[in-house]
Amino acid sequence: MNIHEYQAKEILGSFDIPVPRGRVTVTADQAERAAKMLGGHCVVKAQIYAGGRGKAGGVKVAHHPEQAHEIAKELFGKRLVTHQTGPEGLKVRRILIEETVEVGREYYLSITLDRQTSRYCLIASSEGGVNIEEVAETAPEKIHTLTIDPYTGLRSYQARGVALKLGLSGSIAEDCVQLILNLYRCCLEKDCSLLEINPLVVTKAGWLLALDAKINFDDNAIFRHWEYHEMQDYSQMDPLEISASKFDLAYIKLGGNIGCMVNGAGLAMATLDVLKENSGEPANFLDVGGGATREKVAEAFKIILQDKDVEAVFVNIFGGIMRCDVIAQGIIEAASEVDCHLPIVVRMDGSQVEEGKKLLTESGLNVQCSDFLGDGAKRIVAMMQSEA
Ligand code: GDP
Ligand code: MN
């Protein structure tokens, strides 16, 4: 789960990590008032669920409140396209107004879950800022990583080692040790899958400050944090992902034109692979999970059909716990409700499979049943070709 920069900074602040003073605003008038409050000179920062804003014109310095008003007015409602958003961009609805800071040097600091080691990994570089991706490619030796042992946790000597590698010394290095330890504490307490400060700066006056902040929460831990639901900005998310999460379904958008409904993540991966092997391109996949009801299957199917890129639907379900006739009913209910004539292939197995197939073949839908995954994939591709 994603949150905005201003929310991430509030959290960092609560862990004693220094952040600039600022205010989040939703109108240009508010932005101007916030600028006045900060003494006129300020940074105007578009809040979207993506990075790369600096290079895309989403971070600008204003020299007086009227200018903050002007910049904010231009940004509000605009779709900001950065290298992380895709060509549609993301709409700016909130703007953070912050005090300006005289930057001495920019650093990069993050803690993220490393799936390879299943551990938190600290990443630090003295070459932080908007070009960090470039540094990773051209000068990887300037990026330091440290895998954190969950049993011992992050020790202060390790944090000191990182601060020294960044080239810091004296009291700034000691401030950095505290900051790193606080960052790790924040990661654990808030169940973050990513906590990134880029840039972390040393100001000309010699203070450490998190100038930008990005937090991702681990979706599997959200149940432990009732407050996270309130923090989510649905305007920044794919509407189909939102409806899927309401029904506790996992929906992932992909680039092709075949909608896929599956049960279980492993089966989803296998389905995508076999589709691709047969020259099919998945538009998405929707995992209905283990014990889905007819209603849930129907909702899932409707969500798939709402994806504008979907030209055919491939269902691959192993009805171990779920009954195949219930799945068939869900599909028929959803397809007739939205008057769907797209080609559908259903590959399912499990209890009541014959009843399920009978329901489908007698439904009047443009549907074929298949007993095997490879055969099913071939069929959906063939059905699409014959329609074209
Ligand atoms: P991102 O491009 O989405 O990562 O947005 P950032 O919040 O990192 O802002 C981009 C860049 O703007 C930073 O790397 C800084 O160089 C610059 N920036 C942001 N705030 C300030 C500020 O208060 N003073 C100065 N001098 N630069 C700033
Ligand atoms: Mn940044």
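All of the numbers you see were taken from the coordinates with simple rules; none came from a lab. The model shown is predicted, which means the values in this text are computed figures rather than measured ones. Note that we place each Cβ from the backbone using ideal geometry, even for glycine, and neighbour counts take in every protein chain shown.
Laid out as a table, the results:
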read-out	value
Convex hull per residue volume in Å³, alpha carbons only, for the range 1-152	143 Å³
Inverse mean reciprocal Cα-Cα distance (Kirkwood Rh) of the range 1-82, Å	13.2 Å
Paramagnetic reach from R185 (point 7 Å along Cα→Cβ, amide N under 14 Å) across the range 140-157	154-156
Gained length - H64 relative to Q178, 0.36 nm times residue gap less alpha-carbon distance	37.6 nm
Rounded tilt (10° steps) of 324-337 against the dominant C-alpha axis of the chain	80 degrees
Violating pairs (Cα-Cα greater than 18 angstrom) within the set K55/K78; K190/K214; K253/K357; K55/K204; K36/K214; K45/K91	K253/K357; K55/K204; K36/K214
Longest to shortest principal axis, alpha-carbon extents of the range 82-164, angstrom	43, 33, 29
Debye log10 I(q)/I(0) for the chain, one point scatterer per Cα, at q = 0.06, 0.12, 0.15 Å⁻¹	-0.32, -0.97, -1.20
Cα-only Debye scattering, the range 85-242: base-10 log of I(q)/I(0) at q = 0.18, 0.20 Å⁻¹	-1.25, -1.39
Scattering curve values for the range 238-387, log₁₀ I(q)/I(0), Debye with Cα scatterers, q = 0.14, 0.20 Å⁻¹	-0.55, -1.26
Relative contact order (percent, whole number), the chain, Cα cutoff 8 Å, 6+ residue spacing	12 percent
Most positive-pole-ward Cα, G104, I258, L305, against dipole of the chain from beta carbon charges	G104
Helix 170-190 axis, angle to the chain major axis (alpha carbon atoms, nearest 10°)	30 degrees
